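Only one structure is covered here, and it is reproduced in the block below.
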Amino acid sequence: MVRKALLRFALLFFPLLIIALFWSNMQLKEQNNTLFMHEKGKLEQKTDLAVEFIKPIVSGVHFWSSFPFDSATDTSYSEKIIRFMEAMPNYDQFRILDTNGIEKLRLERNQEGKIIPSTIFQDKSDRYYFIESKKLTANEVYISKLDLNIEHGHLEFPFKPVFRCIAPIYDSEKVKIGVVIINYRAEQFIKMLSEHDKGSLFFITDHYGEFVSAPHDSAEFALQKGVKWSGMSSPVYQQVKALEEQKDTAFLANNEIWITTTIHLEEAYKTFVKSPSHNVQLVGNTSWKLTHYIPSSLLEQRNEPIYRGRMLFGTFAFIVLLVLSLVLANRDATKEKLHKRLNQSHQELKKAQTDLEEKYTDLKKVSEKLQTRNSQLREFNYLISHNIRAPITSISTLTDMYEDAKSMEEVHELNPKLKKITQTLSNLVEDLLQYVRILNADKIATKTLDLKEIIEESAALFIEATDQKTFVINTNLEAWNTITFSSIYLKSIIQNLISNAIKYRSHERDAYILFKTYKEKGVHKLEVVDNGIGIDLSKHGKDIFKLYKRFHKQASGKGMGLFIIKSQLEALNATIEIKSEKGVGTIFTITFNNIDNHE
Amino acid sequence: MNKTTFYLVDDDDVYLFITKKILKMISPDITIREFTDGEEALDFFKENAFDDNIIPDVILLDLNMPYLDGWGFLNEMNKLHPDLARKTKIYIVTSSDNEEDLSSAENFKELAGYFVKPIERERLQELCESILSDK
């Protein structure tokens, strides 16, 4: 039962498990894909964000570029700028450099956030941003790369990532006197650009190979800082470096997502800012590569509900199906048991029926036997009433007569009568004994007999009759020749029949007796035909097989033959019938019924 | 015609001897004719079919006989002389008190009586007297 349950369980559970796994994998893929597309879109939008971020700064620089600057001592100019800067918390410095790169005006935000004019002017003529921006014309704005602020030739500490927005500046005479520079603190800008989900890694590199933003502080501006960080050789950083060389890409492989996008600031600005009133042109070559790496651990984490669902489903299915299988198996077992029991009772009933049928057959046989016995008893009773009583009553009468006898003469007259009765009784006892022996035989020895042999043996006894060629014994034993019967009885029967046929043959013709076997519905039958004088059955029919009945005076015989034949046959469950016509012949038909049951 | 005639039909010659002796003792004038079986008696009737003198007063008929038994004889006689019973008293005299035989006897209206052997002398005496008185 348990094995059957487990098999059923396996058949139900494993296909379901496979489907569930397949389905959840699809779901995982789908989810990863959705995440991938989402992150890709998000990264692509960062260019817009960057432009949107830059736009006001560019506008601001452009505004000051078109505002004439005459003298550094003009306090009203400085005040205007201070007010402007105070409203812009990310504006770190406001400077005006002359065409030689020497600072003419310098306003900077101090630690407390206050804007104060500086009196120390530095020479920035060798700084790359001055070199790249000194040729700017009207309506041109330059944006520097992102790097750490340097003052007096040294990195300002704490590190301050900035970019600079630069435009030409003119005096009232519209003569270019230098450039106006706004230092913009880029922390917020970087944070905005590199904003990402927790767990994923985000990198911003510029086209010089500097890490502007990285998961590790040590990596950020490492080139500018001139430090070597060992983590830079880790696979992730190596991959970032490798991707930096390539075009923008996005791929989902090995359960990891890599997305890169490049912000070409000047190009993007041109594309996105298309107002006719706004004729500012961004110059320079500022570009950042944004790389978003979502490691497999994060994907796994995001996919955990699916894993959990899968696990939960699996467990649930496992339990439910196991219970179901057990219940079903149990039900099957009960059913089978019931079926078995039903089958068993059916078999028992069938057997009982067979037994009953057998018993019925037995009973029928017994009943038939009893009927035979009954008729034999009746016969016996008849014999006793007629054949024994008669001589006995005669004896008693004779005895009376002896007593009454008046002379010796009379006595002498009685003597032969008494002798005769004695003889009669003696014969009768002899004959009855023969009959009773047949009736009483409990076990009659039977064996398979060759009928032809028996007929031939019997014929030899009547050699004088057959030798004269006036009587012929014929056989036709093709249908069957062997029969299980008592050897003694069968010989006696055959001899009696031949004897009768010879005794009652017709002298008007060549006499014969024919033994012919045949089968009727599988029952062995023996037909004994003669062409003798025949018997008038209408007269003697009921007496034919009775003791001491004789039907022909011309022949000797004491009326025992047919009676003994019938008794011997009946003792072994066989029967005999007669058909006869006076002057034509007689046909005896012997039917050998099964003798297996005789006692 | 004062003589009484008895026909005895029986295969037992001791019976025949005894019965004959008793009848002679009752009256020496009784005429007795014996037959040892039914067929013999029947043949006699057939041979003398047209002689009324052969019709006896009494037939004592045995049942169990070798060639033609009592019943067979009665059946055949019924065909030969259907009105025999009016002149002749037929008695069954048998050693059988068998039920079968008794009930068969009741079916023969022609029968005057049924005796079980041994038939006593007194019975025969009565029988003779009743016959003589009838005459």
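Some observations on this one:
- Filter result for A:Glu358 (surrounded by fewer than 13 Cβ atoms within 10 Å (Cβ to Cβ) and more than 30 Å from A:Thr484 (Cα to Cα)): no
- A:Leu290 being part of a strand (DSSP E or B) and either at pLDDT below 90 or surrounded by 15 or more Cβ atoms within 10 Å (Cβ to Cβ) (or both): yes
- Every residue from segment A:538-562 that is in a helix (DSSP H, G or I) and within 12 Å of another protein chain (Cβ to nearest Cβ): A:Ser538, A:Lys539, A:His540, A:Gly541, A:Lys542, A:Asp543
- Segment B:94-118, residues that are within 10 Å of another protein chain (Cβ to nearest Cβ) and either modelled with pLDDT of 85 or more or loosely packed, with under 12 Cβ neighbours inside 10 Å (or both): B:Thr94, B:Glu99, B:Val116
- A:Arg373 being more than 13 Å from chain B (Cβ to nearest Cβ), among the basic types (Lys, Arg) and over 18 Å from B:Val14 (Cβ atoms): yes
- Residue pairs meeting the criteria (Cβ under 7 Å; at least 6 apart or on separate chains; first more than 16 Å from A:Ile498 (Cβ to Cβ) and touching a residue at least 12 places away in the same chain (Cβ under 8 Å), in segment A:467-480; second aromatic (Phe, Trp, Tyr) and surrounded by 13 or more Cβ atoms within 10 Å (Cβ to Cβ)): A:Ala479/A:Tyr518
- In segment A:208-237, the residues that are over 23 Å from A:Thr286 (Cα atoms), assigned to a helix (DSSP H, G or I) and out of contact with any helix residue (DSSP H, G or I) (no Cβ under 8 Å at 6 or more places or on another chain): A:Ser230, A:Ser233, A:Pro235, A:Val236
- Verdict on A:Asp197 being of a type in the set (Asp, Glu) and surrounded by 14 or more Cβ atoms within 10 Å (Cβ to Cβ): no
- Filtered residue count, segment A:28-48, keeping only those that are exposed (fewer than 15 other Cβ atoms within 10 Å of the Cβ) and touching a helix residue (DSSP H, G or I) at 6+ places or on another chain (Cβ under 7 Å): 1
- Test for A:Ser144: is it touching an Asp or Glu at 6+ places or on another chain (Cβ under 7 Å) and either more than 18 Å from A:Ile54 (Cβ to Cβ) or surrounded by 16 or more Cβ atoms within 10 Å (Cβ to Cβ) (or both): no
- Those strands (runs of 3 or more DSSP E) of segment A:81-128 in which 2 or more residues are within 19 Å of A:Ala186 (Cβ to Cβ) occupy A:91-98, A:103-109.
- Qualifying residue in segment A:522-534 (condition: more than 14 Å from every other protein chain (Cβ to nearest Cβ), within 60 Å of the chain's Cα centre (by Cα) and at pLDDT below 90): yes
- Evaluation of B:Arg86 against (1) within 15 Å of the chain's Cα centre (by Cα); (2) surrounded by 14 or more Cβ atoms within 10 Å (Cβ to Cβ) (one fails), failing number: (2)
- Strands (runs of 3 or more DSSP E) within segment B:1-80 that include 1 or more residues within 13 Å of chain A (Cβ to nearest Cβ) and surrounded by fewer than 23 Cβ atoms within 10 Å (Cβ to Cβ): none
- Flag for A:Asp450 being away from chain B (no Cβ under 14 Å) and exposed (fewer than 12 other Cβ atoms within 10 Å of the Cβ): no
The values are calculated or read from the model by the stated rules, or taken from the named source; none is laboratory data. Note that the coordinates shown come from a computational prediction; the quantities given were computed from them, not determined experimentally. For neighbour counting, all protein chains shown are included, and Cβ atoms are generated from backbone atoms with ideal geometry for every residue, glycine included.
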